[in-house]
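One structure is given here, and the rest of the page talks about it.
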Amino acid sequence: MSLYKPHDPSDEEDPMSAAGEGRQWRDETGVEATRATLLQLLARAGVPGGDARELIGLVEAGALALAYEELGERARSAPGDKGEAYESGWLDGAAGLLDELGAVAERTLLGVVGADEQDGTAGEHPPARRMEVERTRVALTPLYLSFASDSELDPEVTEEVLGAVLATMSPRQRAGYAVLLTRFAAVHRARLEGLFAAFGPDSAITVHGRYSLLHSAAGIAVLERLVAAPGRLRQEWDAAELPPAWLDGLTTAWSAAGRHG
């Protein structure tokens, strides 16, 4: 029996399969189809079109930013050992491409949230929208549950508190607030653990009173603003007519945790 097999063009590997699978987004058609599908699905779930487009835009900008960071780590050295001239040229080319990728990520983000205000209008941030509040709530929940049991504060009150917190920031800052909250929780983890142990839902303090905010995930956001922008937070707190005792109690508890941390 002959082992020879005549060439059959049908046996050739399809460039869009196997190794080519990772590069199937070769034009905007597939991207636009996916975006349209997401918009339709979100509309059926009751998400307004503007909010849906903003969420998708933030995911796109975030994906570009993550690609920029990942490629930046890889572009610190040239592949192989082909001499100094090759390495220098390769690094220059990689730097140029990275700069352009970073610019694309920046333009994508600006297309979603707009540019930050100039210094003269820095105090005129627009009110927080529903989707901005919801994004912040989603980011806060796992952080809060790493320190305490589930929130006991009224959801509507939590929304009002987060509205005051977000009013201290521009839309662009709000878009990246999840990162700031994660960093804040990581840097101050020991202090936060002591704070919630002494005053939180699992502590001996059963009556909320001055420490009500420690019974809500929003408390972490308020603490972050107390550290980063205390004056602006108090201004927005008063404008929202939230209980001054809550903010004063949280300030006192934070100071106490710092002394014992």
Inset, instruction - Check off (1) over 26 Å from Ala218 (Cα atoms); (2) at pLDDT below 75; (3) within 25 Å of the chain's Cα centre (by Cα) for Lys82 and give me the number that stays unchecked. - result: (3)
Legend entry - The one condition in (1) under 11 Å from Phe147 (Cα atoms); (2) open to solvent by 40 Å² or more (accessible area, probe 1.4 Å) that Leu195 fails to fulfil: (2)
Inset, instruction - Look through the stretch 131-165, keep the residues that are in contact with an Asp or Glu (Cβ under 7 Å, 6 or more places away or on another chain) and more than 19 Å from Leu110 (Cβ to Cβ), and return whichever of them is modelled with the highest pLDDT. - result: Ala164
Inset, instruction - Kindly check whether there is at least one residue in the stretch 220-231 that is part of a loop (DSSP other than H, G, I, E, B), closer than 18 Å to Phe184 by Cβ and either modelled with pLDDT of 90 or more or open to solvent by 10 Å² or more (accessible area, probe 1.4 Å) (or both). - result: yes
Inset, instruction - Among the candidates Ser146, Ser203, Ser170, single out the residue that is among the polar types (S, T, N, Q) and open to solvent by less than 10 Å² (accessible area, probe 1.4 Å). - result: Ser170
Legend entry - Residues (modelled with pLDDT of 80 or more and surrounded by fewer than 16 Cβ atoms within 10 Å (Cβ to Cβ)) located in the stretch 112-130: Pro126, Pro127, Arg130
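Residue-by-condition table, conditions (1) touching a strand residue (DSSP E or B) at 6+ places or on another chain (Cβ under 9 Å); (2) open to solvent by less than 50 Å² (accessible area, probe 1.4 Å); (3) not basic (Lys, Arg):
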| residue | (1), (2), (3) |
| --- | --- |
| Gly49 | no, yes, yes |
| Ala52 | no, yes, yes |
| Leu66 | no, no, yes |
| Glu70 | no, no, yes |
| Ala78 | no, yes, yes |
| Lys82 | no, no, no |
| Ser88 | no, no, yes |
Legend entry - Residue selected from the stretch 37-88 under the condition basic (Lys, Arg) and assigned to a loop (DSSP other than H, G, I, E, B), by the criterion nearest to Asp99 (Cα to Cα): Arg76
Inset, instruction - With respect to His188, determine if the residue is under 22 Å from Val165 (Cα atoms) and in contact with an Asp or Glu (Cβ under 6 Å, 6 or more places away or on another chain). - result: no
Legend entry - The lone exception for Leu195 - which of (1) modelled with pLDDT under 95; (2) part of a loop (DSSP other than H, G, I, E, B) it fails: (2)
Inset, instruction - Under 9 Å between Cβ atoms, at least 6 apart or on separate chains: pull out the pairs that start in the stretch 129-150 with a residue that is over 16 Å from Gly176 (Cβ atoms) and end on any residue that is outside any loop (DSSP other than H, G, I, E, B) and among the aromatic types (Phe, Trp, Tyr). - result: Tyr144/Phe196; Phe147/Phe196; Ala148/Phe196; Asp150/Tyr144
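The values are calculated or read from the model by the stated rules, or taken from the named source; none is laboratory data. Bear in mind that the values here come from a model prediction, so they are computed numbers and not experimental data. Cβ atoms come from the backbone with ideal geometry, glycine included; neighbour counts cover every protein chain shown. Remember, those area values only see protein heavy atoms, side chains included, never the ligands or the DNA or RNA. Shrake-Rupley method; radii C 1.70, N 1.55, O 1.52, S 1.80 Å.
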